[in-house]
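Notes for the one structure printed next.
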Amino acid sequence: MHEQATSGDGGGSEPSTPEWRPPARIRPKVADLPKPRVDLKAVFGLASGKWAWTIAIKAAIAMTGSFALAAVLFDPRSAALAALGSMTVLYERTTPYAHRAVALALVGAGFVLSVAVGSLASITPWAAALGIGLIAGVATWICQALRVDRPGPLFVTLVGGISTIAPGRLAAVPMHAALAAFGAAVGWLVAMADAPFRGRAPENRAVAEAFRKLAKLLRAVGTPALDHVQHEASLAVAEAWRLLLLAQTRGYRDTPAAARLRALLRWVSDIHLAATDVSLARTDPLPEEAARFAMGLADAVGRPGLCPDPADLDEIRRGLRPRSLEARLYTRLARTAQTARKPEHEAAGPGLGLYDTRYPSVLDSLRSSLSRDSLVLPTALRMALTVTVAGLVALAFGLERFYWASITTAAVLQGGNVVLTVNRGVQRALGTLIGVVLAVGVLLLHPPLPAVIVLAGLFMGLAQLMITRTFLYGSIMLTPMALLIAQTAAPYPLPELAQARVLETVLGSVVGMLGAFLLWRQASASRLPRTIINVLEDARTVVNEVLDPDVTISPERRYRLRRDLRADLISLRGVYDSAVGDVPPAETTRPLWPVVIATQRTGYLALAALARENPPRVSGITLQRVDLAFGELSAAMRERRAPRLGALPRLVDYPRINLELRALASAMRTAVADDERAAALEQERRARREQRRAREEVDADL
């Protein structure tokens with residue numbers, strides 16, 4: 001990622017008041033610890049965000065269209081498989097259309113394969129239960145390794161589960177696969193329908209979202225939410241880079257429009273890091289005009305005429321020294337506006353080269369997901385084992401439609417950690433209970449097939465509208481949709497259907513929660529120290545190359561350093577957020593929160609230093625001492641001991657790196673002390689239990 005040149009002209013007059021320069025010892029307050037919990041708000045509340053109207057409409061159209069066409073062209077009972085195949089429309093909803101066309105075809109192929117495996121496994125119920133577990137495990141592995149966004153493996157498992165009851169058995173497997181392919185084709189067409197009219201909307205939307213998160217970060221300066229918002233902004237920038245790379249097709253990447261979008265994304269990435277420098281150097285909020293200006297830039301990504309005027313920043317720049325941190329931030333905002341107000345940008349120029357591939361290697365992604373440090377493998381194994389056990393237990397209890405227990409378990413395990421899984425389990429059980437009542441009420445009216453088709457599409461659309469905000473209300477709508485399709489494929493007496501559906505859902509939810517609690521419960525917590533070390537090692541490399549006067553960083557090298565360190569920083573928060581939801585709470589996880597924050601801040605300060613034009617260098621001795629400090633912190637984390645840091649060299653031009661390294665060492669010492677104290681208490685409790693057991697044995701002998 002090439003550094004965009006920044007002007008030394010701050011655009012203001014001679015300061016009328018002294019610039020506020022905080023002492024290096026002032027450190028912004030650490031954000032509150034994330035506290036995932038099982039409570040009524042988590043179960044019944046609505047998550048922040050927008051209602052997914054677009055995908056809801058597309059999902060309803062795809063299901064209604066595929067169900068109706070297949071019912072006319074084929075057998076109405078088999079048409080249910082076409083309706084399930086149309087769920088491909090739910091995937092890749094944010095990616096550029098050129099990539100989406102290929103990715104949805106592969107998702108459709110996955111649906112067809114899932115139907116084929118489910119149909120082949122339907123020779124016996126026991127084989128079907130094993131087959132559904134296999135589908136769930138493999139789908140989880142592939143979706144997570146290749147970063148397939150939600151709904152991920154859920155609907156692949158749903159399709160495979162329902163295909164086990166499709167009529168025709170083994171002889172009809174080719175027909176079942178063909179029907180699923182037909183539905184997937186309909187879903188593909190619906191998903192791609194707006195491509196001719198909004199061809200560049202996904203990548204424009206991603207860059208605009210990065211500017212909106214930047215505006216949120218500017219508003220968070222001086223507030224306790226800073227560290228959380230910093231992570232959200234970094235996520236948005238990383239996602240925008242990913243989508244923009246996917247959009248760089250051969251005929252588009254050399255156009256002025258593509259160059260403009262790349263330039264805007266590089267600007268927002270640089271401004272994000274400039275805002276990091278400012279946010280960690282002050283404890284009071286920035287002027288609101290800065291955030292409003294960033295929001296205006298977000299609107300200008302797709303509509304240059306809405307670009308704000310750089311003169312709008314003159315008032316807040318007045319009185320600042322031209323080379324101060326805030327002046328550099330506002331200058332970059334103003335220069336970004338100069339780029340955003342033009343509908344095109346020169347196709348060649350500094351910082352406009354592409355230093356990455358559109359598609360990461362599929363084999364490399366799958367291979368890395370099997371490494372010891374990856375969470376993908378334990379997650380996939382947990383999914384496969386738990387879904388299989390749910391189906392087998394349902395069969396052991398004599399439940400004929402055992403696959404609902406398997407599907408419910410797959411849905412519950414989408415939560416990730418134990419706390420989120422429990423929340424989803426409760427939401428799934430309550431949602432299914434209400435949804436069954438709704439579905440039975442509809443089926444008691446004995447609706448004709450056209451009404452069933454319309455209602456299935458309607459429920460599907462409503463489910464997708466709600467599920468991004470709350471899994472509970474989405475489950476209420478998903479249940480009647482699934483029951484209408486299943487009842488069309490294999491009719492069943494309604495009283496038994498309702499009773500079995502509730503029992504299977506409760507069973508699947510309980511098994512899913514037990515699986516999350518018993519299998520690899522602390523997979524995230526055990527990987528947290530390694531993730532912290534990865535960030536420190538990458539930050540060490542960046543700081544060494546920035547400060548070394550003998551090193552010249554090429555644009556390609558700069559891009560790769562920023563990409564890799566940003567990816568590790570995002571992974572750090574993801575692993576911690578997952579680990580802190582383990583139950584019982586890991587004593588070694590919560591005390592590491594100050595360590596995580598200090599590591600995160602150190603990483604972003606290293607990125608901010610990398611983003612500077614002509615960054616100040618240091619002497620060889622100072623560089624060596626900084627390198628030794630990073631090495632000692634990494635070694636202490638690796639060996640689970642307190643760091644022996646000693647006196648840090650004074651980095652005059654990077655005082656906040658000094659400050660965060662000291663804070664990190666202090667937080668690590670506190671965490672080690674907490675671990676030792678917890679171990680001593682546990683040993684004391686164990687000794688008391690042994691003494692009590694010995695006394696009981698003596699009393700028994702007497």
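The values are calculated or read from the model by the stated rules, or taken from the named source; none is laboratory data. For clarity, every value in this text was computed on a predicted model and none was experimentally measured. Positions of Cβ are backbone-derived with ideal geometry, glycine not excepted, and every protein chain shown enters the neighbour counts.
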Item checked: Exclusive hit being in contact with a Pro (Cβ under 9 Å, 6 or more places away or on another chain) and either closer than 30 Å to VAL268 by Cα or among the hydrophobic types (A, V, I, L, M, F, W, C) (or both), set ARG612, ARG617, ARG625, ARG640 -> ARG617
Checklist line | Pair list, Cβ under 6 Å, 6 or more apart: the range 228-252 residue more than 20 Å from VAL575 (Cα to Cα), other residue of a type in the set (Gly, Ala, Ser) and buried (at least 17 other Cβ atoms within 10 Å of the Cβ) | finding: ALA240/ALA206; ALA240/ALA210; LEU243/ALA206; THR249/ALA98; TYR252/ALA258
Notebook entry, point to check: Which of (1) at pLDDT below 90; (2) among the aromatic types (Phe, Trp, Tyr); (3) part of a helix (DSSP H, G or I) does TRP241 not meet, given it meets every other one?
Noted result: (1)
Next item on the list: Answer yes or no: is there a residue in the range 90-98 that is aliphatic (A, V, I, L, M), more than 30 Å from ALA236 (Cβ to Cβ) and at pLDDT 85 or above.
Entry: no
Checklist line | Single match in VAL580, VAL535 (criterion: within 22 Å of ASP356 (Cα to Cα), hydrophobic (A, V, I, L, M, F, W, C) and within 24 Å of the chain's Cα centre (by Cα)) | finding: VAL535
Item checked: Pairs where the first residue, in the range 319-339, is in the same structural domain as ALA291 (by TED's automatic domain parsing) and within 18 Å of ARG292 (Cβ to Cβ) and the second is of a type in the set (Lys, Arg) and part of a helix (DSSP H, G or I), C-beta under 9 Å, 6+ apart -> GLU326/ARG317; TYR330/ARG317; THR331/ARG317; ALA334/ARG317
Check: Which one of the conditions (1) assigned to a loop (DSSP other than H, G, I, E, B); (2) of a type in the set (A, V, I, L, M, F, W, C); (3) more than 26 Å from VAL418 (Cβ to Cβ) does ALA500 fail to meet, given that it meets all the rest?
Finding: (1)
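Restricting the search to the range 280-295, which residues are in a loop (DSSP other than H, G, I, E, B) and surrounded by fewer than 19 Cβ atoms within 10 Å (Cβ to Cβ)?
ARG282, THR283, ASP284, PRO285, PRO287
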Check: So which pairs qualify, if the first residue must be in the range 604-616 and within 17 Å of GLU556 (Cα to Cα) and in contact (Cβ under 8 Å) with a residue 40 or more places away in the chain, the second must be surrounded by fewer than 16 Cβ atoms within 10 Å (Cβ to Cβ) and of a type in the set (Phe, Trp, Tyr), the Cβ gap must be under 7 Å, and the two must be at least 6 apart or on different chains?
Finding: none
Next item on the list: State all residues of the range 112-134 that are β-branched (Val, Ile, Thr) and farther than 17 Å from LEU392 by Cα; if no residue qualifies, say none.
Entry: VAL112, VAL115, VAL117
Checklist line | Residue satisfying condition, being farther than 28 Å from ILE57 by Cα and charged (D, E, K, R), within set ARG205, ARG200, ARG253 | finding: ARG253
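Table: residues versus (1) closer than 30 Å to GLY457 by Cβ; (2) buried (at least 23 other Cβ atoms within 10 Å of the Cβ); (3) polar (S, T, N, Q).
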residue: LEU179; (1), (2), (3): yes, yes, no
residue: LEU189; (1), (2), (3): yes, no, no
residue: ASP194; (1), (2), (3): yes, no, no
residue: VAL229; (1), (2), (3): no, no, no
residue: ALA233; (1), (2), (3): no, yes, no
residue: ALA240; (1), (2), (3): no, yes, no
residue: ALA247; (1), (2), (3): no, yes, no
residue: TYR252; (1), (2), (3): no, no, no
residue: LEU264; (1), (2), (3): no, yes, no
Note to self: When the residues of the range 509-524 are narrowed to those that are of a type in the set (S, T, N, Q) and more than 18 Å from ALA136 (Cα to Cα), which ends up surrounded by the most Cβ atoms within 10 Å (Cβ to Cβ)?
What the structure shows: SER524
Next item on the list: Mind telling me which of the residues ALA247, ALA206 ends up being touching an Asp or Glu at 6+ places or on another chain (Cβ under 7 Å) and modelled with pLDDT under 90?
Entry: ALA247
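Is it the case, given these coordinates, that ILE132 is within 20 Å of the chain's Cα centre (by Cα), crowded, with 19+ Cβ neighbours inside 10 Å, assigned to a helix (DSSP H, G or I) and assigned by TED's automatic domain parsing to the domain that holds VAL376?
Here the answer is no, as ILE132 does not meet what is asked.
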Note to self: Looking at the structure I just gave you, is ARG640 in contact (Cβ under 8 Å) with a residue 40 or more places away in the chain and at positive phi?
What the structure shows: yes
